[in-house]
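Here's a structure for you.
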Amino acid sequence: MFAQIKRILVGRPIATEHQHQERLNKVTALAVFSSDALSSVSYATEAILTILVLGGSVALGLSLPIAVAIAMLLLIVGFSYRQTIHAYPQGGGSYIVTRDNLGDLPGLIAASALLIDYVLTVAVSISAGVAAITSLATNWGFPGVRDYAVEIALLCILVVTIANLRGAKESGLIFSVPTYAFIASILSIIVVGVSQDLLFGVEPVRHSIDPDIPPVGETLSLWLILRAFAAGCTALTGIEAISDGVQAFKAPEARNASITLTWMIGLLVTMFLGITWLADAHRAVPNEFTHETIVSQIARTIFGIGPVYVFIQIATALILVLAANTAFADFPRLASFLARDRFLPRQFASRGDRLVFSNGILVLGLFSALLVIIFQANEIAMLPLYAVGVFTSFTLSQSGMVRRHLRLRQPGWTRSAIINGFGATLTSIVLVILMITKFVHGAWMVILTIPVLVMMFRGINLHYQRVAEQLSLSGAVVPPELRRHTAIVLISGIHRGVLPALQYARSIAPDNVAAVYVDLDPEATEKLRKRWQDWGCGIPLVVLESPFRSLINPIVRYIEEVETRYGDDVITVILPEFVPARWWEHLLHNQTGILIKTALRLRGTVVTSVPYRLR
């Protein structure tokens, strides 16, 4: 039954040799890897205004200069990542670049920051998408939809998780339409809005409930401006996604990836500056009473609440929900790199039926769902946690590229080192600003979580090193030849499922087999003794007393006793197990066999199961 449900939701398995067919062209890759970065247009301006509104109406006029500064940073970081793509065509994510050039510890810090940020990307994007849905519902007279924001967000996470489990190519096709619909929506808002403003004058946003904007709020200080700048830096989230996933592109991978990155940066800067300009011109501000988004206010003012407005809101909601796809594309890939280097469990390095890293996808979906529940699908409450991880990885990655240029000194290395060095300097300054301005608002959680993850990675790596050392053939000697087998069949009664186990035991140890039964009920034991004479296959029956009704302890003591008899034999414990025909029938039977196998294997005993399948 589980297999059938899995096939319906995920699809049929894809053969390994078809992996090249899952590669993405530039148009599809832009949808897969850029949805996170492009969707930030819908909340980055709002994040800036949320801080500036604290300074009163005078401070709101600084939104456009701050957006220009952020746009300049976008161009610099984007151009720096073009250098990374060509230097690491096999996939130059922050973890690989940093570890390759700066060492394990900086690499693990970069990986930890990115993993945290990918989880936040899903939670913030989904929650912002739900906010767009509730804004539409409120304007259409259904304000009660807001009460189900958490449930809607969890459903969206489930849908995106399943879509990604189906594979990169299919998820790319699914997400292409909403991505390009969103791009068309925002560009239409900018073109029509600017044209109307120039030809007919600016019409301010009308609110059903006027927002509370003090004429003079907090002192308009450098601190307030820095806080607004830090909030708006969420526009840079997702820029590194393309450099992480170069190998997902069709050949030539590096060239196609760098072209796609250029497209993404151009669109992002244009849309971000356009929305911020319109928000400033139309005096759109965050409204804590109606919870209407900035994009919704601008679209409603320019187009009214007719079909075009509905289309824009739906496209915005979809891109925000599907922006999580960028994280679903990169989180599993980064986890696979860490698993390959033995910093995460090896299961994360294995591809599933659909040639995707299924374990990473499922873990990301689980943790992002927990964040949505904890923060009640409030993206503004999660934004202070956002961007710290991104700029940590930015700084380390660009610093690693500078070190690489200085070490290899390839043609043109001086210019490239200057570009990456300038990018590293700027992102490090922004990182300090983010950590200071957002620390008390939640960034402290990210700052504390990063070292915890680094210690976890090191602990996992140390475990794998110890296992490798103990399994190494260096200094090993060939074990002595086995001269004797002892087979012990553990039985809970005599039935058809026991008979094959007894025959199997006689085949591996014809002259040294014993059937062992633990006496928990004297009456049942006596019945077993009588039936054993007819069905015991000539194998001696050993009954173990258990006055305290313990099952495992008598068995372990008996095995220890048998081990002392011979010094050159191998004891094999055989468990007869019947297999129910339906999955739910397992719930009707106890799992004593699992407990016995676990206890015996922990002490190094060979344990074999002989299944008997029920019809």
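Within the range 28-83, can you find the residues that are open to solvent by 10 Å² or more (accessible area, probe 1.4 Å) and acidic (Asp, Glu)?
Residue satisfying the conditions is 46 alone.
Looking for something open to solvent by less than 20 Å² (accessible area, probe 1.4 Å), in a strand (DSSP E or B) and of a type in the set (Gly, Ala, Ser) - is there at least one such residue anywhere in the range 483-493?
For the range 483-493, residues open to solvent by less than 20 Å² (accessible area, probe 1.4 Å), in a strand (DSSP E or B) and of a type in the set (Gly, Ala, Ser): present.
State whether one or more residues within the range 26-36 are at pLDDT 85 or above, in a helix (DSSP H, G or I) and under 19 Å from residue 390 (Cβ atoms).
No: zero hits.
What pairs come out if I take residues in the range 523-548 that are within 19 Å of residue 559 (Cβ to Cβ) and pair them with residues that are surrounded by 12 or more Cβ atoms within 10 Å (Cβ to Cβ) and polar (S, T, N, Q) whose C-beta lies under 8 Å away, six or more apart or interchain?
543/525; 546/553
Here's something else I'd like to know. So residue 550 fits all but one of (1) open to solvent by less than 100 Å² (accessible area, probe 1.4 Å); (2) more than 20 Å from residue 601 (Cα to Cα); (3) assigned to a loop (DSSP other than H, G, I, E, B); (4) of a type in the set (S, T, N, Q); what number is the exception?
(2)
I'd like to know if the range 587-594 contains one or more residues that are touching a residue at least 12 places away in the same chain (Cβ under 8 Å) and assigned to a loop (DSSP other than H, G, I, E, B).
no
Quick one: is residue 351 closer than 28 Å to residue 24 by Cα and among the charged types (D, E, K, R)?
It is true that residue 351 is closer than 28 Å to residue 24 by Cα and among the charged types (D, E, K, R).
Filter the range 433-468 down to residues that are basic (Lys, Arg) and either in contact (Cβ under 8 Å) with a residue 24 or more places away in the chain or within 30 Å of residue 222 (Cβ to Cβ) (or both) and give me whichever is least open to solvent (accessible area, probe 1.4 Å).
For the range 433-468, the residue satisfying everything is 438.
Among the residues in the range 126-136, are any assigned to a helix (DSSP H, G or I), touching a Phe, Trp or Tyr at 6+ places or on another chain (Cβ under 6 Å) and either open to solvent by less than 20 Å² (accessible area, probe 1.4 Å) or at pLDDT 85 or above (or both)?
The answer is yes; a qualifying residue exists.
For the range 595-603, check the following and say yes or no: at least one residue is under 45 Å from the mean Cα position of the chain (by Cα), over 30 Å from residue 480 (Cβ atoms), assigned to a helix (DSSP H, G or I) and touching a residue at least 12 places away in the same chain (Cβ under 8 Å).
The answer is yes; a qualifying residue exists.
Taking the stated definitions as given, is residue 564 farther than 19 Å from residue 487 by Cβ, surrounded by fewer than 15 Cβ atoms within 10 Å (Cβ to Cβ), of a type in the set (Val, Ile, Thr) and without any contact (Cβ under 8 Å) to a residue 40 or more places away in the chain?
The answer is no for residue 564.
Residue-wise test of (1) in contact with a strand residue (DSSP E or B) (Cβ under 7 Å, 6 or more places away or on another chain); (2) open to solvent by 20 Å² or more (accessible area, probe 1.4 Å); (3) under 30 Å from residue 359 (Cβ atoms); (4) part of a loop (DSSP other than H, G, I, E, B).
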{"site": "296", "(1), (2), (3), (4)": "no, no, no, no"}
{"site": "305", "(1), (2), (3), (4)": "no, yes, no, yes"}
{"site": "308", "(1), (2), (3), (4)": "no, yes, no, no"}
{"site": "321", "(1), (2), (3), (4)": "no, no, yes, no"}
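The values are calculated or read from the model by the stated rules, or taken from the named source; none is laboratory data. These figures come from a predicted structure and were not determined experimentally. Neighbour counts are summed over all protein chains in view; Cβ atoms, including those assigned to glycine, are modelled from backbone coordinates with ideal geometry. Only protein heavy atoms, including side chains, enter the accessible area calculation; ligands, DNA and RNA are left aside. Shrake-Rupley method; radii C 1.70, N 1.55, O 1.52, S 1.80 Å.
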